[in-house]
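The values are calculated or read from the model by the stated rules, or taken from the named source; none is laboratory data. As the structure is a computational prediction, the values presented were derived from the model and not from experiment. Note: ideal-geometry Cβ built from the backbone for every residue, glycine included; neighbour counts use all protein chains shown. Heavy atoms of the whole protein, side chains included, go into the accessibility calculation; ligands, DNA and RNA do not. Shrake-Rupley method; radii C 1.70, N 1.55, O 1.52, S 1.80 Å.
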Amino acid sequence: MDDEIDRGHARALRRLPGRAYWLIGLVALGMLGAWLVLEIQASVTAYVNAEGLWSKMQKQSVLAMYRYSGSGDPRDLAEARQTLRTPLEDLALRQALDRDPPDLEAAYRHVRAAGNRPEDHDRLIWVYRLLADAPYLRDSVRAWRRTDADLRTQAGIADELEARWRRGTPDADEIAAYRSRLYEINARIYPLTVEFSDSLARGAAAIRRLLLLSSAVAFALLAWYSLRVMQHTLRHVRETEAEFRMAFHQAAVGMLKLAPDGRIVQANEALAKLLGTSLAELRDMRVQDMVPAEDLDRTADGADWQQWLQSGERRLLTRDGRVRWVRWTASPLARPGASADRIFVLLEDVSDAHAMAREIAHQATHDELTGLINRREIGRRLGEGLAQARRGDIVHTLAFIDVDRFKLVNDTCGHAVGDRFLRRFVNLLSEQLQGGDWLGRLGGDEFAVFLHGADLGHGLRTMEEIHGLLSRTSFRWDGREMPFHCSVGLVEVNASAADVEWLLSAADAACYLAKEEGRNRVRAYSDANRALARRRYDLDWVTSAQAAIAERRLLMYAQKIVPLHAPEAGLRYEVLVRMRGMDGVLHPPGEFLMAMERFGQATAVDGHVLDAVLGEFDRHPGHLQRLASCHVNISAQSIADPAFLARVTERLDRRPAVASRLCFELTETAMIGNLADARRFIDAVRERGCRVALDDFGSGLSSFAYLKDLPVDIVKIDSAFVRDIGKGGSDLAMVRSMAQVARALGKETIAEGIESAETPPRLARIGIDFAQGYALHEPCPLEELIRQAGAGGEAWPIMQA
Ligand code: C2E
Ligand code: MG
Ligand code: MG
């Protein structure tokens, strides 16, 4: 509808110059008509004048000859000849013009000699040339021609009379005969002159009538057309103005016209509503009055033109002093031909978006149950504390607190009581902290306390005090007393700490020690014994993993990845490695992979897994046909190892059919830790048709910002976000926004760690593409999965929303 109106205006505007040309054309035509009327009248007058002179001279000449016939006075003869010259020259003029081509030089000579008025010369000549054959004038010319013979005769009589008088005085009869001839000539010429003038006058009248009529028609046409154009233009101007007014006043966004000094020239209802005021009040305001004082550029007294021209987000004050956020889009306005002296501003209320952004930022950094900062924010703040310590001026203490036997509270009293217990515990704990200290929740029943500016000795004393107070207090429920017992591990945050992860694991290790020693106590981390123990522990795992590789005790398990929307033709799963110990116990990768990584051995595992998977494909060629995607995990070390990449590409190049069925999973931290290597690896495998998934998205410290730059096809959302999704709250919001962002970037999403059958429909509703978890499929030996698939045992549960 609006579109139609706009197109109508555009058309009207396009036609306007055309209409103006038409008008100008019509006016010019009218002027041409008027000029023609005047010109024709002047020409007719010229001919009437010429004819008047012609007749007068011809008559005078007859009269002079009449006298001369009786008197013989040479003066009479001279007069007769002199006056007869006019008609004779006119005759010569006509003959000059009748010549082919017309002799214009002679014509001008004769018209002058005939004694015509100089201003008539041109008209006499040109009207004859153009219109001698036209009706009316044709008749006049014919009458003129018929006088020719008599004029010549008259000239001849003059000669005869002169000769006669030279011979002696003529007698009375002779004189009478001459006079009678002259009389006859006169009698013949007179009617011809009358006819000449009459047809000339009739012609002039006819032309005048015609011209008057056409002028009247042209004028009527001109008037009608001008009126129409005016009406049209006026209507369009009015409509456009009305539409603009309507758009201005009824627009959903605020609009404002400002004078350079900030005075409000015009404002609309939406703005008044936004500011909780009336239009009348707005008109008395200056823009400076609606912006918080601290946002004003005070050097310019708020009346700075440039300041108001800057677009962006601004805060405005409502009438009752609340702050609203608006998107301010300003453009200078200029009247035609003048420089800009007004600013037009569009103000869009973005307060809700701001509130939401604040809320999301809060949710992303805080724990919902306790309101404490979460693991991510703990990591960030700890990083800040460590940076401070590295600058050398301060040390802090980090405490890792684990509530003793919290599981028991949960199991015996239910989760709701468990939640209350934790909240009460947190309240007690935070009451003991001082400015600069902070408390955060690492997860479950684990907390971190940061004691600002406290060295390990000071930290130990403080935490002992707090711990003592906590253990003397207890939580009462249903007649039972549950003490707030906890194990606390401390580490000093000083320049020698490797990184944030190290600090957390050191504090964790000290806490572990406290638990080992019988719980409910505080222990500090001491580098030497801890590091040694760790190394010994790692080495044990590395040795047994290496042996497992050699003895083929590294087993391939697989877990299905289930589509949440349309059913899928092929099978999709992730390969997960397991280690069978010498004692027959099956170890998950969490136990040995970290140790392998710390000893730079992770690539051996990845290479083995890849070869094992490709070996399965070679053994079961039919399986490849039924396979949609097989996901293989790759560790950070392998990504950075060119030899590993060469091994992968060599394998892929040998099996072109396999590449499109393989998807490599790279964790967020592995990629971001080494972006350049990650890119090289990803590009190489994608070039060969493989796909790449970003694993454990959300678990690291990275964010959406990286997602944009990483050339991955799939995003796997970390199970930490998915686990509690049934409770709604921030996790659901986070997963939803992850799905939205991934979709916007053209990536597929997989949610990991689905432990409840109620979760998949929820995930489907918020746009997640695939799901993976114990509730859908427990990891099983890869061979078993392949066998099942081959036996046609595929009935993938499709989780519909
Ligand atoms: P991941 O790649 O994120 O794999 C998913 C992990 O979640 C697997 O643990 C899987 O058993 C577990 N899981 C599946 N469903 C659920 C569930 O409903 N709830 C919970 N809590 N967990 C679930 P797994 O097999 O212990 O592997 C742990 C990690 O070890 C993997 O995390 C992956 O990063 C790594 N990994 C596994 N296999 C390999 C491998 O062959 N090479 C490398 N480099 N890393 C591997
Ligand atoms: Mg994985
Ligand atoms: Mg994962």
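What is the total of Lys pairs in the chain with C-alpha atoms under 24 Å apart, excluding same-chain pairs fewer than 8 positions apart?
Taking the Cα cut-off of 24 Å, the pair count is 9.
Show that you can apply the helix-only estimate: for the chain, add -39,500 (n - 2.57) for every DSSP H stretch of four or more residues, divide by all residues, and state [θ] at 222 nm to the nearest 500.
The per-residue figure over the chain is -19500 deg cm²/dmol.
Report in % the part of the accessible area of the range 2-223 that belongs to carbon and sulfur, leaving out ligands and nucleic acids; probe 1.4 Å.
About 61 percent, which is the carbon plus sulfur part of the accessible surface.
Suppose each label sits 7 Å from its Cα in the direction of the beta carbon; what would the Ile24-Leu539 distance come out to in nanometres?
For the pair Ile24/Leu539, the computed spacing is 10.0 nm.
Could you grab the relative contact order for the chain? Cα pairs under 8 Å, six or more apart, rounded to a whole percent.
7
At a probe radius of 1.4 Å, what is the per-residue accessible area of Asp100, in Å² to the nearest 10?
150
For the chain, give me the percentage of DSSP beta bridges that are antiparallel, rounded to the nearest 5 percent.
Percent antiparallel among DSSP bridges in the chain is about 70.
Using a 1.4 Å probe on the protein chains only, how many percent of the accessible area of the range 253-356 belongs to carbon and sulfur?
That fraction is 50 percent.
Per residue, how much accessible surface does the range 696-769 expose to a 1.4 Å probe? Answer in Å², no decimals.
42
Percent antiparallel among DSSP beta bridges with both residues in the range 552-790, to the nearest 5?
35
Using a cut-off of 12 Å between beta-carbons, work out the net charge of the residues near Ile768 (Lys and Arg +1, Asp and Glu -1, Ile768 not included).
+3
Could you please state how large a percent of the accessible area of the range 552-790 is carbon and sulfur, counting protein chains only and using a 1.4 Å probe?
C and S atoms contribute 51 percent here.
Could you do me a favour and compute the accessible area per residue for the range 366-526, 1.4 Å probe, result in Å²?
Result: 47 Å² per residue.
Given a Förster radius of 35 Å and the C-beta distance between Val237 and Trp35 as r, what FRET efficiency does 1/(1 + (r/R0)^6) yield to the nearest 0.05?
0.50
Using only Cα atoms, find the angle between the long axis of helix 500-516 and the longest principal axis of the chain, and express it within 0 to 90 degrees, rounded to the nearest 10.
Computed tilt is about 30 degrees.
Using packing as a proxy for protection, rank 369-379, 494-504 so that the peptide with the highest average count of other Cβ atoms within 10 Å comes first.
The most tightly packed comes first, giving 369-379, 494-504.
Could you work out the local net charge near Leu624, counting Lys and Arg as +1, Asp and Glu as -1, over the other residues with Cβ closer than 12 Å to its Cβ?
Taking every Cβ under 12 Å from that of Leu624, the sum is +2.
Taking the Cβ of Tyr183 as the center, what net charge do the other residues with Cβ under 14 Å away carry, scoring Lys and Arg +1 and Asp and Glu -1?
Surrounding charge for Tyr183 is +3.
How far is helix 2-71 tilted off the main Cα axis of the chain, in degrees rounded to 10, range 0 to 90?
Its long axis makes an angle of about 10 degrees.
Helix 642-654 against the longest principal axis of the chain: what's the angle in degrees, Cα atoms only, rounded to the nearest 10?
Helix 642-654 and the main axis of the chain meet at about 70 degrees.
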